[in-house]
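The structure appears right after this line, and notes come after that.
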Amino acid sequence: MSLLKSKKKLLIVDDSKVTRMKIITELSSFGDFDIQEAEDGDNALIKIRNQKPDCMLLDILMPHKNGFSVLEELKNQNLSFPIIILTADIQKTTLKKCKELGAFDVLYKPINIKKMKNSIKRSLKQK
C-alpha cells in the first residue's frame, strides 16, 4: 500500500549510479513515484526545466556542476520545490550553506532509508 496518494515526480541527483539505484529500489515500495535520475548538476538543471519535479534528492559533491551550484541557480531563478540534500560532508558550514540556499532537509551518507522516506513524505505534504 502506497503511503502517498498520487504519483509524484522525484528527481535523484547523484554521481554514483549505485546510490541512485539503491534509492530507487528502496522507494519502489514506498510510493508511486515518477523517478528521474541525473548524474551531475548540469543534467539535473535540464531535467528540472523539462520535468518540473515535486521533490529532489541532491548530492553535493559531484563533477561538473556540484549541488551548491544547483541550489544557487534554482534560488536565482526563483524556482522553489523541496530539495533534500544527501551528503557525506558533515561540516556545520555545509549544513548552514544548504539551508541558506533553500534546502528542505540535509541527510548524511550513508543514507538512513527511514529518515530519507520520512523527509520525502514531509516535503511532499508541505508542497
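Going by how many other beta carbons lie within 10 Å of each one, how would you line up Met62, Met116, Met56, fewest first? The partial results should precede the final answer.
On the way: Met62 22, Met116 19, Met56 27.
Ranking Met62, Met116, Met56 by Cβ neighbours within 10 Å, fewest first, gives Met116, Met62, Met56.
Taking only Cα atoms, what is the 0 to 90° angle, nearest 10, from helix 67-76's long axis to the longest principal axis of the chain?
90 degrees
In terms of the Cα gyration tensor, with a ≥ b ≥ c the square roots of its eigenvalues, is the stretch 1-81 rounded because a/c is under 1.5, prolate because a/b exceeds b/c, or oblate? If you can, show how the numbers build up before the last one.
Working: a/c = 2.54, a/b = 1.41, b/c = 1.80.
In terms of gyration-tensor shape, oblate.
List the lysines whose alpha-carbon lies under 17 Å from that of Lys115, not counting same-chain residues fewer than 8 positions away?
Partners within reach: Lys22, Lys125.
What ranking of Phe33, Phe68 emerges when the number of other C-beta atoms within 10 Å of each C-beta is taken as an exposure proxy, fewest first? Please report the intermediate quantities before stating the final value.
Details: Phe33 21, Phe68 17.
Neighbour counts put them in this order, fewest first: Phe68, Phe33.
I'd like the orientation of helix 17-27 relative to the chain: the angle between its Cα long axis and the longest Cα principal axis, in ° from 0 to 90, rounded to 10.
That works out to roughly 40 degrees.
Note the angle between two axes, namely the Cα long axis of helix 41-51 and the longest principal axis of the Cα atoms of the chain, as a number of degrees from 0 to 90, rounded to the nearest 10.
Compared with the principal axis, the helix lies near 50 degrees.
Any read-out appearing in this document is the output of simple, stated calculations on the displayed coordinates, not a laboratory observation. No experiment lies behind these values; they were computed from the predicted model shown. Because the Cβ atoms are built from the backbone with ideal geometry, glycine has one as well, and the counts that use them run over all protein chains shown.
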